[in-house]
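Structure record follows, encoded as structure tokens.
The values are calculated or read from the model by the stated rules, or taken from the named source; none is laboratory data. Computed from a prediction, not measured in an experiment: that's the story for all the values here. So basically every Cβ, Gly included, is an ideal-geometry build from the backbone, and we count neighbours across all protein chains shown. When the accessible area is computed, the model is the full protein with side chains, heavy atoms only, and any ligands, DNA or RNA have been set aside. Shrake-Rupley method; radii C 1.70, N 1.55, O 1.52, S 1.80 Å.
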Amino acid sequence: TAAATGAATVTVRRDIRVAILVTGEEVQSAGTALDNAQIWDVNTPLLAAAIARPGVEIIAISHIGDNRQDLARELDRLSRVSDLIVTTGGVSVGEEDHMPAAIKQAGGRIEFAGVAMKPGKPVSVGRVGQALWLGLPGNPVSAFVAWTLFGTHMLGCLTGTTRKRPSRRHVITEKQIDHKPGRCEMRPTRLIGFDALGRQVASFGQATHSARVRTLALAEGLVMIPAEAEALPKGSLVEFIPFRDL
């Protein structure tokens, strides 16, 4: 194609290098036997599949326990070879949530920590060395929602593929939505058809459970419930963010 247009040279750039760091002593690879309080690692395959796309290379997948020194060393190592580090877990406020301190110990900085959203409230963004850092919550649904809203945009900016127009659109609710005001809520959603006016109808659960990954497998995207809403009646217009266009 270049020769056909008479171009003797073209400008190219390398793939964006992404590292995934999953934290938590309790997290074990699928296929292994679990002891008390252990869980299988869902975030690694979930994020690897979500991140994979042309122009992106996943250069490392690491698993580190709840040790601040180990986390800081691994963050420092990954920051020297990555453009984006995506971590899961360790960004809340529990005794074993060491990620913010590890970021600072590795010489990084945190731009913001925590967003008024559900699920995914602890999501954090910063930088370590030359690499951007996206800190996702540990629960899989929370991690995927936060990746959808923040990670895809960050990766789009790095690869130069950010959409000029967002893929989100409006749909109507199949039933009433009850909601506790204070945080914007994202609910996994299926599109089940059209109403008499040709508007797409969204079906969703009555609540969002941050560890129930089956809801993601059945969903086509997310509906966004405004933070100030107490209830939205059946047929309300809500914003829909599709997964397939990301």
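Here are some notes:
- Within segment 221-235, being buried (at least 16 other Cβ atoms within 10 Å of the Cβ) and part of a loop (DSSP other than H, G, I, E, B) holds for one residue alone: 229.
- Checking 173, 189, 152 one by one, the residue that is in contact with an Asp or Glu (Cβ under 8 Å, 6 or more places away or on another chain) and β-branched (Val, Ile, Thr) is 189 and no other.
- Of all the residues in segment 1-30, those that are outside any strand (DSSP E or B), open to solvent by 40 Å² or more (accessible area, probe 1.4 Å) and closer than 16 Å to residue 41 by Cβ number 4.
- Condition met for residue 59 (at pLDDT 95 or above, more than 30 Å from residue 207 (Cα to Cα) and open to solvent by less than 20 Å² (accessible area, probe 1.4 Å)): no
- Those residues of segment 43-66 which are part of a loop (DSSP other than H, G, I, E, B) and in contact with a strand residue (DSSP E or B) (Cβ under 9 Å, 6 or more places away or on another chain), in sequence order: 52, 55, 65, 66
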